[in-house]
Amino acid sequence: MNPKTQNKIAIGTLYGVAGLVVLILLALLGYILVSGLPQLSWHFLTAPAKAFLAGGGVGVQLYNSFYLLLLAMLISFPIALGAAIYLYEYARDNWVTTTIRTAIEILSSLPSVVVGLFGFLFFVVKLRLGFSILSGAFALTFFNLPLLTRSIEDSLRTIDLSQREGGLALGLSRWETITRVILPAAVPSILTGVILSAGRVFGEAAALIYTAGQSAPALDFTDWNPFNISSPLNPMRPAETLAVHIWKINSEGIMPDAKAISSGSSAVLVLAILLFNFAARYLGKRLYKRLTSA
Amino acid sequence: MKTTQQLERQLKRHSKAAKLEIWGKVVSFSALLLIVAVVVGIIGFVASKGIATFTSNHVSLWDFLTEKKWNPGITDANGKPEVGALPMIVGSFLITILSAVVATPFAIGTAVFMNEISPNKGAKILQPVTELLVGIPSVVYGFIGLSVVVPATRAIFGGSGFGILSGTCVLFVMILPTVTSMSVDALRSVPRYYREASLALGATQWQTIYKVVLRAATPGLMTAVVFGMARAFGEALAVQMVIGNAALMPGSLVDPAATLTSVLTTGIGNTVMGSLQNNALWSLALVLLLMSLVFNLIIRLIGRKGRLQ
Amino acid sequence: MFVSNDVSNTETMQERHIVQPRDAQHPIVLSTEELHVFYGKKEAIYEGDLQFARNQITALIGPSGSGKSTYLRSLNRMNDRIATVTGRIMYRGVDINQPAIDVYEMRRRVGMVFQRPNPFAKSIYDNIAFALRLRGTTDKHELDEIVETSLKQAALWNQVKDDLNKSALALSGGQAQRLCIARAIAVKPDILLLDEPASALDPVSTSQLEDTLLELKKQYTIIIVTHNMQQAGRISEYTAFFNQGRVLEYDTTSHIFTNPQVQITSDYVSGNFG
Ligand SMILES: Nc1ncnc2c1ncn2[C@@H]1O[C@H](COP(=O)(O)OP(=O)(O)O)[C@@H](O)[C@H]1O
Ligand SMILES: [Mg+2]
């Protein structure tokens, strides 16, 4: 076959493949939104779930998802920040650093179900935290740490070496230079990374089913005393999240409108991720402009 | 020379900056150590639990890896517990390999299209779509598998619709965006002048892509595929929802089967800590963990080889 | 102390010619003794002992890669983590190259301005004020005053006095470099090191910068690396010529430019060099 014809056929095939992939991906997205969006209503988003009857909502699960996300981020951000600072700013290129980097890489490649099982073993059973928000938040933290660390490290990398030298030349320690010069300059990019990782954490379920648990006791949204069992703030209560809810009702199959609820919940998850994505881009750009504009 | 001594004293005073420097190093290094401790903790715990099956319950490792009956609560005619994990191991590898085999041509084809043939359309449509889909939670993939793929399989092949085939379909779509976007990165790292040199020699675009670009990007593309496989192998819920969860050797692609992850998700809540049933599950988790280390190693080896070239 | 290293050559030209400054009005404030700098195993400076006179401008010239930056950065130990520096760096009688020295305190006295302007991603005001705040100057009036005088000394005040709260990243190259100078002098150093500060600037900004330096030398001892020979001739009292990790010639600038004693220096300053 002559090269010209071959070329035409090959390029045509590639068009076909790419077209097919677009079709699959759009169909997927379309399916989620088309089947899910009609389910969304104020009632659906706020009402508690019903186990055996139709017409329940996902209010508690939605709230749990956000609360867990918040806690997980509060725990993992400072750790990831410190680790990234050490790795990028202080660590020398030697075998210790290489080993530590390998360990972090391994953590990021562990299946989330393994992380969840460890959380179950360690927090739920050993530390007797039970199925609780706290156990879940720790499991999510483990799941989140390696990625967040890497993303913050990448953010630090975007700040020029000359900025660090500028700080040192003024007689500042490296720590002061990092915290007063480098981090403020890296905020837009760090924030983008944090929000994107929040999207991943928000949809995680496998790490949670045996840590935060699979039940969502009703919450009393007028009771903000974190020591009361029905208080939304109580970190010791079991807390099924939206993602876990989808898995749970589909595995048990006792809820009559499981499919509708799942569709709606899937749409909420996907919309939330979309929102996180846009927010990350928008805020990152906005902040960067503020930092550099006259 | 009093002033010199004074100056020397001033210059040798441990300044606030020096104290902050030590503090900063200690704090940031502690954070790093904490992460390392987590990794060591996870591996240590899972390993110690996972080998209990062999050390305290005296199951033979060989039986575990080769026997086909999984029923840790029951002992067979010889009085040995039935802890043959082969069906799950086969199930996990089967869906991983199948989904990678299906996803690879699509992912690389799409990446080539995005990067080489139509960078414009690639950037406008495909890039944002793949980036978004990379972030879609796996339970959503599982749910769609359950409500679309399983019924479709049932309609076409009969049976329950649950099985390896459905699992493969779900994983294929799930790893497709990841593998695609990593492949795009791999292609992007091929220097522009490679292409220009090849085109200038009179090669067609396809020859350039096939002989120059793909070849130069091979390590990166392989990394992308292995990464996708690692993700498929470790995925729990999406697979568990569509595979049927029957711990049997899969007779065909449309029979209910099980994977390491699916048995783990369904089983761990129903067993008592410390019992053989429970330990056997931890052994599955250990296999999962070891496999993820192996994938990690493969990715490293590819990376090293890529650098050497 | 007169150090002249007259290793005679077969030709009339010498191999090295070092005349350290001796001027009662401008005593030596900084000098290096037996300084050696290594990048790993590679020795980047192996013969480069100089003495610097107070309130004078000393220029370091030489082909690129000859070790000027390496030498300059060793003076306030900016190379600490990058290179191994042995020997003594005597600052007003104190060896600042010993481990017991607090480098942060030392760098407040020996400040530095870099080749590429590196303003921080902060407002113009904060670029100057923030290092002072970190060291305990919190009084608003005092800060205002230091910011103003520093900017005036750096000849930037008139251009930015109404925009002090705007981002420093929006300044032009020449303005940014003068902000960096203002930032460096705000902490009231004794010695100012500048590494090719004008190489990224246009001719007009360069000439403004030179005027600024001539003004600043009344208060500071200035050591400047430059690849621009005219610049060295215009502003400096003393010039050192570096080549391949050695100082080949050191003398008053007028001597170096009108009557060099070393062949390579002569070739370099007359432009007949690589
Ligand atoms: N960070 C570094 N690591 C290793 N070698 C370096 C480094 N910086 C400079 N060098 C080497 O030291 C020598 C002197 O460089 P430098 O001081 O930058 O010269 P100049 O400023 O005169 O152009 C050069 O050979 C250069 O390659
Ligand atoms: Mg230089």
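Mind listing the long-range amide H neighbours of C:Ser123? Cut-off is under 5 Å, sequence gap 5 or more, other chains count too, H placed in the peptide plane at 1.01 Å from N. The answer is C:Ala168. Residues considered: B:Val134, B:Val59, B:Val27. Largest GNM mean-square fluctuation over chain B, using C-alpha springs under 10 Å, is found at B:Val27. Counting only alpha carbon atoms, the long axis of helix C:124-134 and the longest principal axis of chain C meet at about 80°. With contributions of -39500 (n - 2.57) from each DSSP H run of at least four residues, the per-residue ellipticity at 222 nm computed over chain B stands at -22000 deg cm²/dmol. Mean separation of Cα pairs under 8 Å and 6 or more residues apart, divided by the residue count, gives chain C a relative contact order of 27 percent. May I ask what percent, to the nearest 5, of DSSP beta bridges between residues of chain C are antiparallel? Antiparallel: roughly 50 percent of the beta bridges in chain C.
Going by neighbour counts of Cβ atoms within 10 Å, the residues C:Glu215, C:Glu15 line up, fewest first, as C:Glu215, C:Glu15.
Helix C:203-216 and the long axis of chain C differ in direction by around 90°, with both axes built from C-alpha atoms.
Among B:Leu284, A:Leu156, B:Leu33, sorting on how many other beta-carbon atoms sit within 10 Å of each Cβ, with the fewest leading, yields B:Leu33, A:Leu156, B:Leu284. Shape of the stretch B:86-308 from the C-alpha gyration tensor: prolate (a/c of 1.5 or more and a/b above b/c, with a ≥ b ≥ c the square roots of its eigenvalues). A Cα-only calculation for the stretch C:17-269 places Rg and Dmax at 18.0, 56 Å. Counting, for every residue in A:240-249, the Cβ atoms of other protein chains within 10 Å of its Cβ and taking the mean gives 3. Along the stretch B:184-189 the Karplus relation, 6.51 cos²θ - 1.76 cosθ + 1.60 evaluated at θ = phi - 60°, assigns HN-Hα couplings of 4, 4, 4, 5, 5, 7 Hz to successive residues, with x for each Gly and Pro. Considering only alpha-carbon pairs that sit under 8 angstrom and 6 or more positions apart, the relative contact order computed for chain B is 24 percent. For the residues of A:179-191, the average number of beta carbons from a partner chain within 10 Å of their own beta carbon is 2. What FRET efficiency do you get for A:Leu127 and A:Asp154 if R0 is 45 Å and r is their Cβ-Cβ distance, rounded to the nearest 0.05? Efficiency, from the Cβ-Cβ distance: 0.85. Roughly how tilted is helix C:173-186, in degrees to the nearest 10 and between 0 and 90, from the longest Cα axis of chain C? Taking Cα atoms only, the helix is inclined about 90 degrees. To make sure I understand the rule: partners must be lysines, Cα under 28 Å from the Cα of C:Lys152, and not fewer than 8 residues away in the same chain. Which ones qualify? Within the straight-line limit of under 28 Å, C:Lys152 reaches these lysines: C:Lys122, C:Lys140, C:Lys161, C:Lys166, C:Lys188, C:Lys217, C:Lys218. Of the residues A:Trp247, A:Trp175, A:Trp95, the one that moves most in a GNM of chain A with alpha-carbon contacts below 10 Å is A:Trp95. Considering only B:Ile156, B:Ile95, B:Ile298, the mean-square fluctuation computed in a Gaussian network model of chain B, springs between alpha carbons under 10 angstrom, is largest for B:Ile156. For the stretch A:235-251, backbone phi angles converted through the Karplus equation (6.51, -1.76, 1.60; θ = phi - 60°) give residue-by-residue couplings of x, 9, 8, x, 8, 6, 9, 4, 5, 5, 4, 4, 5, 4, 5, 7, 7 Hz, Gly and Pro being listed as x. Placing one identical point scatterer on every Cα of chain A and ignoring solvent, what is log10 I(q)/I(0) from the Debye formula at q = 0.07, 0.09, 0.12, 0.13 Å⁻¹? Rounded to two decimals, the profile gives -0.37, -0.58, -0.92, -1.01. Classified by the C-alpha gyration tensor, the stretch B:249-305 has an oblate form. Its axis ratio a/c, with a ≥ b ≥ c, is 1.5 or above, and a/b does not exceed b/c.
Run the numbers on the stretch A:40-292 and let me know its relative contact order in percent, using alpha-carbon pairs under 8 Å that are six or more apart. Worked out over the stretch A:40-292, it gives 25 percent. Take the Cα radius of gyration of the protein assembly as shown and divide it by 2.2 N^0.38 Å, N being the number of residues; the result is 1.17.
Values quoted throughout were computed directly from the atomic coordinates according to the rules given, and no laboratory measurement underlies them. Note that the structure is predicted; figures quoted are calculated from it, not measured. When we count neighbours, we look across all protein chains shown, and the Cβ atoms used for this are built from the backbone with ideal geometry, even at glycine.
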